[in-house]
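Here is the structure we will look at, set down as structure tokens.
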Protein chains: 2
Amino acid sequence: MSSDQITDPVADQIRTVLDGRWAKTRQALRADDRFPVAVPALELGLEEHRQRTLEMTTALTRTDLVRGGLPPSVGGTGDLGASVTGLEMIGHGDLSVFVKAGVQFGLFGGAIANLGTERHHERYLPGMADLSLPGCFAMTETGHGSDVQSILTTATHDPETDELVIHSPSHAARKDYIGGAARDARLAAVFAQLVVGGETHGVHCVLVPIRDESGAAMPGVTISDCGSKMGLRGVDNGRLMFDEVRVPRENLLNRYGDIDDEGRYTSPIESVNRRFFTMLGTLVRGRITVGAGAGAAARSALAIAIRYGTRRTQFTYPDGEHEVVILDYLGHQRKLLPRLAKSYALALAQNRVVEKMAAIDSGEVTGESEQRELEARAAGLKAITTEHATDTIQTCREACGGAGYMSLNRFTDLKADTDVFTTFEGDNTVLLQLVAKGMLTNYASDFADLDTRGAILFGARQLTTSVIERTIGGSLIQRLISGAPGKDGDDALLDRGGQLAFFEDRESHLTETLALRLRRVSDDEADSFAVFNAAQDHLLDAARAHMDRVTLEAFVTAIDEAAQGPGRDLLEKVCDLFVFSTVEANRAWFMEHGRLSASQSKGVVARVNELCAELRPHVGTLVDGFGIPDAWLTTEMMDDLARF
Amino acid sequence: MSSDQITDPVADQIRTVLDGRWAKTRQALRADDRFPVAVPALELGLEEHRQRTLEMTTALTRTDLVRGGLPPSVGGTGDLGASVTGLEMIGHGDLSVFVKAGVQFGLFGGAIANLGTERHHERYLPGMADLSLPGCFAMTETGHGSDVQSILTTATHDPETDELVIHSPSHAARKDYIGGAARDARLAAVFAQLVVGGETHGVHCVLVPIRDESGAAMPGVTISDCGSKMGLRGVDNGRLMFDEVRVPRENLLNRYGDIDDEGRYTSPIESVNRRFFTMLGTLVRGRITVGAGAGAAARSALAIAIRYGTRRTQFTYPDGEHEVVILDYLGHQRKLLPRLAKSYALALAQNRVVEKMAAIDSGEVTGESEQRELEARAAGLKAITTEHATDTIQTCREACGGAGYMSLNRFTDLKADTDVFTTFEGDNTVLLQLVAKGMLTNYASDFADLDTRGAILFGARQLTTSVIERTIGGSLIQRLISGAPGKDGDDALLDRGGQLAFFEDRESHLTETLALRLRRVSDDEADSFAVFNAAQDHLLDAARAHMDRVTLEAFVTAIDEAAQGPGRDLLEKVCDLFVFSTVEANRAWFMEHGRLSASQSKGVVARVNELCAELRPHVGTLVDGFGIPDAWLTTEMMDDLARF
């Protein structure tokens, strides 16, 4: 998207499709001169970098991004979709700001908003929102990251003083990697095992002051700095240890568990497991945001690498005179164009998840199974989008050769800053298991009392035939599949309905056979682990197949809703490339299971090559369609090319 | 390898196999307290980091690493194998030092040694070797990296003064990314188009002083700093522009092209192309070194991640009490163990290439086709090893979760520093094309006058049936294949000979069908490019198949030469995992071409899982077998685990 050149109407049509429901939020940020454009920090000192990040984050406080995350009761709009979409846009900018803002407004603010009650909202949310009260989200410990349920920090109620005593019993209990803890945060949302009347009630969240107004650590709180990291240098990650730190009972975020005036524990949810998953479920926004930011960063990388690839030449044609534009090489197209297609698919799937989140948050959609499905979808999309970002940014760096290695060409920060996205807000492997849990239990509430492995094993026993839940564009997808010319023919993949059926079939088969394998589990505990573990690769495949199908459905639905025109036609072709390159990547599976013959499989590979060639003339339009302002994508290497 | 604990005799046996012919060089560096152990630079200033790197590099000047690269005429040992092996060891240490040393002793020193003659050796090599004369290797330009033949810098002979005039005619001609140029180098080995008597004779190398003793730029030389990069912060990459800079005619490195006293150009090689490829071929050492360093870095990453994986726990067993060691999860084994097996395979293939290089350098092996084969092998091994390193270090980082993102746990530098290895010393895609060239032309000298594309196209026309050249372990491999129970049986892959035949068959088929496709090229130039380009993915596949086969042969040969014992038995199993995971990664191809049935393919996947389980108890021994001293692998996260 260039402001200097005549606007490409096809790119505009495409951008409208990608912008989705919160287009206004996107446009406002594109026009906002406070947008934290990514400027490589180069040799900026650590303290200066952190200060710059804090200032850029503070500048965002008046935007939709922050107001959307605030309930109307404290002056916000409560438009959660605008908030997440706004943060997604920041994913095109400075990623330290993206994370700093995500921690403050999303995690810290989200914990108070979702786990706290009115008294916490009134007292803390205004300061959270204008950053006069910098906070942090202290969940992960050195010894337990993915397994939050096993954290060791305790919050023990002392009936004598009616206080909660926060304590770190061991080195493994140290809160670790906590964004904001090293420098800025004054209040921490601390997750701890709540002990009341000598009984443990599972993980709860307590607000604990960690610094006074002067910035000094509070008594009993030991703060240390995580120091140098791979990226996100502007984010002050730190570590916290608590030595019997006392806070008033009111500091317990008490929506799902409280201590009454008689010092008794009360909760609207009886089961410890269900309570735990309910509390964590309300924090789904953070996971959705990380996926959104990863997708945005991948699109930035592709926009840079593809534009460079259409200008950079290397080696001459056989005429010995003209040099070949590198994106005219098949090998180069194969690196960038399937990833471009997948980026479109994931961005559209992301929009659907944000819509669903907003619908549930506003009460438009209700029900436990809808919430569960959102959590699984968010987990899966976070996993595949962050994996895609890591892979895509790496490929784009390499596609720009030595220039790609220079910080002024942006890949340095894009790579280093996003690298941890596959880990934080849930390790991707763990998240994909959450997806499988949803598939096998069909998001039924019956399994809420079990942990993930338990739910998967019991779900597998219940499942007779895999139910494909089409929650988005259901009738459209059904219509397309019904109109497809039959799955077995040579031309199954030439038709959108046939493609959808093909993706569904893979998911169903993987799910049903997974369930069969897991049913072999006996009641013997050791055997239960062994059977589950032996099927782990199968389970992860099933989760990926599910996400591929869901992503394709989002793509198809978005095209269906788009206005007729050349932009829509181009998206149809991009969708084809997404389909064929996804099938290509999994074609061994399709052959192993009799879904593709050897010659059909070769045909899929050939079709990817053809689609790359067909899309090659349109790549400029397609990266313009991302809607990333030129000023956000400035690189030294493009300036260099202009001077040749 | 721990100095504190009782030595594992099995690990020792394995280390002996990996150490190979230059075990003494490796042992000397393991015991050398000047070894540049990697200490994350954290918040060290840029100038301090560069100075530290220079000092650490200078400390190496008395080692085999430097003396091995010097001819005996100037006080060296001329043991090139020791030199490259020594640098490989530094790849386990500080990678800025690895690159700084590689530039000074390998590229700069190598250019003078191989492209220069006695007068250059005497005058410059001693200073090169003790770093009193810091140099740089100025080949790449902003406009031309992979296509060195098209660089724009000129070196024009002025018969009036008998000088060479070095000139950068445009921005595209700027020398770029030149290690050492920004700060330390005083003398540059500048590659330029040599113009004598108004005629251009192709790329030659000229020594050009770029700084005086005080460090100031020489007249006419404009030096700038590349500034911040993704990694290798201790290496001072810079840019050079020459404005009619004059140097004496004697500064031309004149082994393959000279100017006589009458101002006439002379060369022992008539063809411009052949001369160019001959000159570049002598620089093969740099490429071999980069592959070696990448392999070492990948092994360091695996050693760290695997040791962590055997200690770190997460989530409980169904008993609800004990926590699961993360490397007991199948998913985690699948991330790390196939990469461990490939690391062994590549390290052994690397040893063979170094042996061959040394044999050619010493004159023990002669002939143009041997040299060509070495170049192709070095190019291919550099490509697949650097790709493997990028992939493996990334996976290891993720396998250590949030801890993997902290600089003190080493992945920050391992990732950032090695990232450019896929690019420098030849972009991997371009290098794989060089491999294909060798395969199609069978390293015959007939094609030396053609560029890569031309040689491939003509080679394809000549090739009738693909000849598998077994230059290493030829008779052993033949014996194993002959003894295999027939390729078509279900058990083809259960026998080493059958595995070798399977790998060979893939390479032959890909090569022969590639040749058939390329023969369709007509004499029409545009068509020639189109046909070549349409087959580019096929060509890259053929090159990869070739490298897989060569790597397996190296593994098999090394096992055959090893002493009987449990170490050797363990290596047999590691070799099996390399075979099955390689077949698994390519199983779609094997099914498409009727080499595997659907059920056999599923069996391959299952066998990888089984082998992971069988190797799991031996991972400690296998990473000890890498022979990396514990002190070089210190991380904060292992200290943390010890404190739980």
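Observations on the model:
- Residue list for the stretch A:237-261, filter: in a loop (DSSP other than H, G, I, E, B) and in contact (Cβ under 8 Å) with a residue 60 or more places away in the chain: A:ASP243, A:GLU244, A:LEU253, A:ASN254, A:ARG255, A:TYR256, A:GLY257
- Residue identified as within 14 Å of chain A (Cβ to nearest Cβ), buried (at least 24 other Cβ atoms within 10 Å of the Cβ) and either assigned to a loop (DSSP other than H, G, I, E, B) or within 25 Å of the chain's Cα centre (by Cα) (or both) among B:VAL39, B:VAL99: B:VAL99
- Taking the stretch B:278-321 as the range and being more than 10 Å from every other protein chain (Cβ to nearest Cβ), not polar (S, T, N, Q) and not in a helix (DSSP H, G or I) as the test, the residues that pass are B:LEU283, B:ARG311, B:GLU321.
- Scanning the stretch A:192-214 for residues that are among the acidic types (Asp, Glu) and part of a strand (DSSP E or B) yields a single hit, A:GLU199.
- Count of the stretch B:254-306 residues, restricted to those that are more than 30 Å from B:PRO159 (Cα to Cα) and open to solvent by 30 Å² or more (accessible area, probe 1.4 Å), is 1.
- Hey, A:ALA172 in contact (Cβ under 8 Å) with a residue 12 or more places away in the chain, within 14 Å of chain B (Cβ to nearest Cβ) and closer than 19 Å to A:GLY257 by Cα or not: no
- Picking from residues in the stretch B:12-36 that are touching a Leu at 6+ places or on another chain (Cβ under 8 Å) and either among the polar types (S, T, N, Q) or open to solvent by less than 20 Å² (accessible area, probe 1.4 Å) (or both), the one that is nearest to A:GLY227 (Cα to Cα) is B:PRO36.
- In the set (1) within 23 Å of A:VAL354 (Cα to Cα); (2) open to solvent by less than 10 Å² (accessible area, probe 1.4 Å), A:LEU539 fails one condition alone, (1).
- Members of the stretch B:497-528 that are surrounded by 15 or more Cβ atoms within 10 Å (Cβ to Cβ), within 14 Å of chain A (Cβ to nearest Cβ) and touching a helix residue (DSSP H, G or I) at 6+ places or on another chain (Cβ under 8 Å): B:LEU510, B:THR513, B:LEU514, B:ARG517, B:LEU518, B:VAL521, B:SER528
- A count restricted to the stretch B:165-194 and to residues that are within 25 Å of the chain's Cα centre (by Cα) and of a type in the set (Lys, Arg) stands at 1.
- Count of the stretch B:106-116 residues which are open to solvent by less than 10 Å² (accessible area, probe 1.4 Å) and not small (Gly, Ala, Ser): 3
- Of the set (1) within 14 Å of another protein chain (Cβ to nearest Cβ); (2) over 30 Å from A:LEU327 (Cβ atoms); (3) open to solvent by 40 Å² or more (accessible area, probe 1.4 Å); (4) out of contact with any strand residue (DSSP E or B) (no Cβ under 8 Å at 6 or more places or on another chain), all apply to A:ASP446 but (1).
- Residue list for the stretch A:335-351, filter: touching a Leu at 6+ places or on another chain (Cβ under 9 Å) and open to solvent by 40 Å² or more (accessible area, probe 1.4 Å): A:ARG339, A:LYS342
- Checked against the criterion of being in contact with a Phe, Trp or Tyr (Cβ under 6 Å, 6 or more places away or on another chain) and of a type in the set (A, V, I, L, M, F, W, C), the candidates A:VAL574, A:VAL550 yield just one match: A:VAL574.
- Count - residues of the stretch B:143-164 that are open to solvent by 20 Å² or more (accessible area, probe 1.4 Å) and either more than 32 Å from the chain's Cα centre (by Cα) or free of Cβ contacts under 8 Å to residues at least 40 places away in the same chain (or both): 8
- When residues in the stretch B:372-419 are screened for being among the aliphatic types (A, V, I, L, M) and either closer than 23 Å to B:THR282 by Cβ or under 11 Å from the mean Cα position of the chain (by Cα) (or both), 8 of them pass.
- Residues considered: B:ILE166, B:ILE112, B:ILE151. Of these, the only one that is away from chain A (no Cβ under 14 Å) and under 19 Å from B:GLY238 (Cα atoms) is B:ILE166.
- Positions within the stretch A:222-245 being away from chain B (no Cβ under 13 Å) and within 32 Å of the chain's Cα centre (by Cα), in sequence order: A:THR222, A:ILE223, A:GLY234, A:ASP236, A:LEU240, A:PHE242
- Evaluated against (1) without any contact (Cβ under 8 Å) to a residue 60 or more places away in the chain; (2) closer than 23 Å to A:LEU346 by Cα, A:GLU48 falls short on exactly one condition, (2).
- Cβ pairs under 8 Å, 6+ apart, first in the stretch B:582-593 and in contact (Cβ under 8 Å) with a residue 24 or more places away in the chain, second of a type in the set (Val, Ile, Thr): B:VAL583/B:VAL604; B:GLU584/B:VAL604; B:GLU584/B:VAL605; B:GLU584/B:VAL608; B:PHE590/B:VAL583
- Of the set (1) under 20 Å from A:GLY179 (Cβ atoms); (2) in a helix (DSSP H, G or I); (3) open to solvent by 30 Å² or more (accessible area, probe 1.4 Å), all apply to A:ARG123 but (1).
- B:ARG461 over 17 Å from the mean Cα position of the chain (by Cα), touching a residue at least 24 places away in the same chain (Cβ under 8 Å) and either surrounded by fewer than 24 Cβ atoms within 10 Å (Cβ to Cβ) or more than 9 Å from chain A (Cβ to nearest Cβ) (or both): yes
- If you go through the stretch B:215-236 and keep only what is open to solvent by less than 20 Å² (accessible area, probe 1.4 Å) and either in a strand (DSSP E or B) or over 30 Å from A:ARG397 (Cα atoms) (or both), you end up with just B:VAL221.
- Taken over the stretch B:377-431, the residue count meeting the criterion of being under 26 Å from B:THR441 (Cα atoms), facing chain A (nearest Cβ under 8 Å) and either among the charged types (D, E, K, R) or open to solvent by less than 10 Å² (accessible area, probe 1.4 Å) (or both) is 2.
The values are calculated or read from the model by the stated rules, or taken from the named source; none is laboratory data. Please read these numbers as outputs of a predicted model, since none were measured by experiment. Reconstructed Cβ throughout: ideal geometry from the backbone, glycine too, with neighbour counts over all protein chains shown. Note: areas computed on protein heavy atoms with side chains; ligands, DNA, RNA excluded. Shrake-Rupley method; radii C 1.70, N 1.55, O 1.52, S 1.80 Å.
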